[in-house]
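Undergrad: Please see the structure below; I have some questions.
The values are calculated or read from the model by the stated rules, or taken from the named source; none is laboratory data. Just so it is clear, the structure is predicted and the values come from calculations on it, not from any experiment. With ideal geometry, Cβ positions are generated from the backbone for all residues, glycine too; neighbour counts draw on all protein chains shown. These area figures cover heavy atoms from the full protein model, side chains too; ligands, DNA and RNA do not enter into them. Shrake-Rupley method; radii C 1.70, N 1.55, O 1.52, S 1.80 Å.
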Amino acid sequence: MFHVGRYRPLRLITQTSLSSMCLKLMLSRPVAFAQVWKSCFSRYSLVGNKNIILMGPPGAGKTLTGRIIGQKLGCPVIDIDDDVLETTWNMSVSEKLQDVGNEQFLEEEGKVLLKFSASGSVISLTGSNPMHTAGMQHVKKNGIVVYLDVPTTVIMSRLNSMKVDRIVGQSPGVSLKDILEFRKQFYRRWYDIRVLCGGDIAAEAVAEKVLDAVKRYQNSELETFISTRSGRSMEKDSQKYFSDVVTEGLAPDGGLFVPERGLPKFTAGEWQSLIEATYTERAQVILERCIHPADIPASKLAEIIATAYGENFTCSKIAPVRHLTGNQFLLELFHGPTASFKDFALQMVPHIFAYCIPRSCNYLVLVATSGDTGSAVLDGFSRLHDTDKQRIAVMSFFPEDGVSPIQKSQMIGCQKENAWAVGVKSDFDFCQTAIKQIFTNSDYTGFLTVEYGTALSAANSINWARLLPQTVYHASAYLDLVHQGIIPFGSPVDVCIPTGNFGNILSALYAKMMGIPIRKCICASNENNILTDFIRTGVYDLRGRKLIPTFSPAVDILKSSNLERYLHLIANGDGQLVTQLYHQLERQDHFQLRKDLLENLVAGWCSEEDCLAAIHSVYSTTGYILDTHTAVAKVVADRLQDRTCPIIISSTAHYSKFAPAILRALRIAEINQNPLSQLHLLSSYSPLPPVHWGLLETLKKKGNEDHQVCAADMSLLMSHIETLIQNHFL
């Protein structure tokens, strides 16, 4: 067996030389010695007996980066190309490749890797090592694999300047770009940690990023969550991690979970390295930094993302950005299976949930919906594997008379053996408040656990896992504008978002905090304009307000759940203040905040008449049909944008879901009451975009009229929950 112990003693600070240096320093300057030894010990403890294994395409800088890391850690450095392969073969790698050809070379290279052994070292793999499965399985057993992810255009430029001629697969008629793109699938299979490396980043900086990433990988206890109403770390034995907050949904004190140390920051270079990336690649990179691998390893996260955004979405770009008019752009968020932005989270969350929950318990997921969430959550959880469906069920409560006819038909049509829709004879605010009260009723939740072995969880945007995927599409939209040449990276954009429960606009604010140059976040309300009033005055006032049914039902909300997370953010984590505000809201139906705390938000609202007029105007001039929520945002954007930078309007739902309002806006007199007939009528106008296929398919299903209806009574809701648990899990 080929074994490597100490290596390159003349080119590195080895452990022996490090100890000698420290001994001299200890004798001459004891205080300085203590500081240096503490630093050295901390660095070296990153490795221990494990290897740091650098992986990436040829030209990624693995060799130089490895040497720098070795010097910093004072540990052996091994370059597989120079120190293992050429030593074993007694010839250069390029000579071996020329001698045996591509396929045989991979096999010979893999055999050498299988005989290789090292510990406590920094290892730089070849660009082709990851293409040999058995070899990588062997070397990964005692190491942390770090993927140096360098943009393909940068790699091609480096290799062309180096005149490299020894890349496996290189031959006449095969482009270098094709080779590099083909290899990415192998790199993604093996890594534990990804380090983004832009074009101009120095090797020293890459080495520091690797060490920081390894430190994060080995210290999952640093990424804890707190309640918006506590604002301080929990005791060590009760600390919450990502998998905990996904499972529990709501904090025990009634607050919402947020990351204690905030969200990760990306450098400008890291964002720029994603300009050429696909949507799923961007999602993978962003979510890896938000979810610790101890909760979900990179390989499992990649599997979840591929499942969520694969064939379920009708557009290959997933969340395309379309020019509307002037400096206005639409972020189309309706290409998922249920035709709204909720699909971005709810095609992912069920799989995240199934991975994170313990196998010893059944789970019933509760959700309140003002329309779009219901069908999205039912569809998402119904796509779980059969074994997961047996232990995970979902129940969606919606206002029986507070959603559009098509939304109701869609929800009922999305019911499956583990997914049920329940109409409630009240409004959305009652449904949402009822779920929160159920979660904080420890006697009731304890009874369900003891009696039926079933725990409750939430899939509303009160669940932290709902917000993260939404942050991705706001970042991706900006990168798309850069990729299209609309703006250079670093130039600002504004975003305008139809807002009800505050989750979507909050995720845009999170994208801004992570480094996306968003200048203004514009909150667009309909006639239920409590958020607009709050942002303009600092007063959140429910007194005397009644919910007004509108053409944009998804934002017919007076109590915005995710506003609590925003208040916690702008209050610098003051959980006591947040608690006081919400206690006052519960008791007196209002609270007041200093207006200057809300300066990073702008707000406006839109009447019903203006909403319909905007739909008609845009269709008349462009042939494009806005849905009612997007029309609300369009009206507000027209009023509030200053036209000094592009504005991205979130198109949160497909117009097909609101056919009666759309037909009225287009001034079509004869409107059939049958939802399917309405969609066929819209389709006859050859609109842009076309009528949503998934919605058509759902409405064609028979039996759409069957669903349960419940009075607005807490005891009756809890009885419904108990009955469905008995029917499904027992």
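Undergrad: How many angstrom lie between the Cα centre of segment 105-133 and the Cα centre of segment 566-601?
TA: 56 Å
Undergrad: Mean separation of Cα pairs under 8 Å and 6+ residues apart, divided by the residue count of the chain: what relative contact order is that in percent? Let's see the in-between values first.
TA: Details: 1316 pairs, mean separation 87.9, N = 730.
It rounds to 12 percent for the chain.
Undergrad: Once all Cα-Cα distances of segment 326-401 are split into 5 Å bins that start at 0, what whole-number percent is in each one?
TA: 3, 15, 24, 21, 15, 10, 6, 3, 2, 1, 0, 0
Undergrad: At a threshold of 8 angstrom on Cα-Cα distance, excluding pairs fewer than six apart, so keeping six or more, what relative contact order does segment 51-220 reach in percent? Let's see the in-between values first.
TA: On the way: 238 pairs, mean separation 57.4, N = 170.
Answer for segment 51-220 is 34 percent.
Undergrad: If you don't mind, another one. Long-range amide H contacts for Lys50: which residues qualify at under 5 Å (H placed 1.01 Å from N, peptide plane, sequence gap of 5 or more or a different chain)?
TA: The answer is Gly120.
Undergrad: Also, quick follow-up: Towards the positive end of the charge dipole of segment 51-220, with charges on Cβ (+1 Lys, Arg; -1 Asp, Glu), say which of Pro130, Gln104, Ile167 has the farthest Cα.
TA: Pro130
Undergrad: Here is a further query. Charges only on Cβ, +1 for Lys and Arg, -1 for Asp and Glu: so what's the dipole of the chain about the Cα centre, in debye to the nearest 20? Display every interim value, and only then the final one.
TA: Details: 70 positive and 72 negative charges, 376 e Å.
It comes to approximately 1800 debye.
Undergrad: Something else now. Output the Cα-based Rg and Dmax of the chain in Å, rounding Rg to one decimal and Dmax to a whole number.
TA: Values for the chain (Cα only, Rg and Dmax): 28.1, 95 Å.
Undergrad: With a 1.4 Å probe and all protein chains left in place, how much accessible area per residue does the chain have, in Å²? Can you show the working numbers first?
TA: Values: 28990 Å² over 730 residues.
Per residue, the chain has an accessible area of 40 Å².
Undergrad: Something else about it: With Rg and the Kirkwood Rh both taken from Cα atoms, where does Rg over Rh land for segment 51-220?
TA: 0.94
Undergrad: Heavy atoms only, probe 1.4 Å: what % of the accessible area of the chain goes to carbon and sulfur, would you let me know?
TA: On the way: 14820 of 28990 Å².
Result for the chain: 51 percent of the exposed heavy-atom area is carbon or sulfur.
Undergrad: Roughly how far apart, in whole Å, are the Cα centres of segment 82-101 and segment 390-423?
TA: Going from one Cα centre to the other spans 63 Å.
Undergrad: Mind listing the Cα extents of segment 167-243 along all three principal axes, in Å, largest one first?
TA: For segment 167-243, the Cα spread along each principal axis is 63, 28, 21 Å.
Undergrad: Another one. Roughly how many Å is it from the Cα centre of segment 282-312 to that of segment 162-207, as a whole number?
TA: Spelled out, the Cα-based centre of one part sits 21 Å from the other.
Undergrad: Could you tell me which of rounded, prolate or oblate describes segment 295-422, using a ≥ b ≥ c as the square roots of the eigenvalues of the alpha-carbon gyration tensor, with rounded for a/c under 1.5 and, failing that, prolate when a/b is larger than b/c and oblate otherwise? Mind dumping the intermediate values first?
TA: On the way: a/c = 2.45, a/b = 1.23, b/c = 2.00.
Oblate is the answer for segment 295-422, as a/c is 1.5 or above yet b/c matches or exceeds a/b.
Undergrad: How high is the FRET efficiency from Asn572 to Arg216, r the C-beta distance, R0 35 Å, rounded to 0.05? Show your work: numbers first, answer last.
TA: On the way: r = 24 Å, r/R0 = 0.68.
Once the sixth-power term is evaluated, E becomes 0.90.
Undergrad: Cross-link partners among lysines for Lys140, C-alpha distance below 21 Å, same-chain residues fewer than 8 apart left out?
TA: Here the lysines satisfying the reach criterion relative to Lys140 are Lys50, Lys62, Lys111, Lys115, Lys184, Lys209, Lys215, Lys300.
Undergrad: Nearest 0.05, what FRET efficiency do Met91 and Gln239 give at R0 = 45 Å with Cβ-Cβ as r? Spell out each step's value before the answer.
TA: Working: r = 55 Å, r/R0 = 1.22.
Given R0 = 45 Å and the Cβ-Cβ separation, E is 0.25.
Undergrad: What FRET efficiency do you get for Glu204 and Lys184 if R0 is 25 Å and r is their Cβ-Cβ distance, rounded to the nearest 0.05? Write down the numbers at each step before the final one.
TA: Numbers: r = 26 Å, r/R0 = 1.03.
That gives a FRET efficiency of 0.45.
Undergrad: Hey, if you put +1 on the Cβ of every Lys and Arg and -1 on every Asp and Glu Cβ in segment 51-220, which of Gly74, Tyr217, Ser157 ends up farthest toward the positive end of that dipole?
TA: Checking the options against the dipole of segment 51-220, the answer is Tyr217.
Undergrad: Quick check on segment 512-598: what does the Kirkwood estimate of hydrodynamic radius come out to from the alpha carbon pairs, in Å?
TA: Numbers: mean 1/r = 0.0706 Å⁻¹.
For segment 512-598, inverting the mean 1/r across all distinct Cα pairs yields 14.2 Å.
Undergrad: Here is a further query. Starting from the exponent 0.38 and prefactor 2.2 Å, build the expected Rg for segment 268-335 from its residue count and divide its actual Cα Rg by it.
TA: Details: Rg = 14.2 Å, N = 68, 2.2 N^0.38 = 10.9 Å.
Output field value: 1.29.
Undergrad: Oh, and also: At a Cα cut-off below 27 Å, give the lysines reachable from Lys559, other chains included and same-chain residues fewer than 8 away excluded.
TA: Lys240, Lys342, Lys408, Lys425, Lys436, Lys512, Lys520, Lys546, Lys595, Lys634, Lys657
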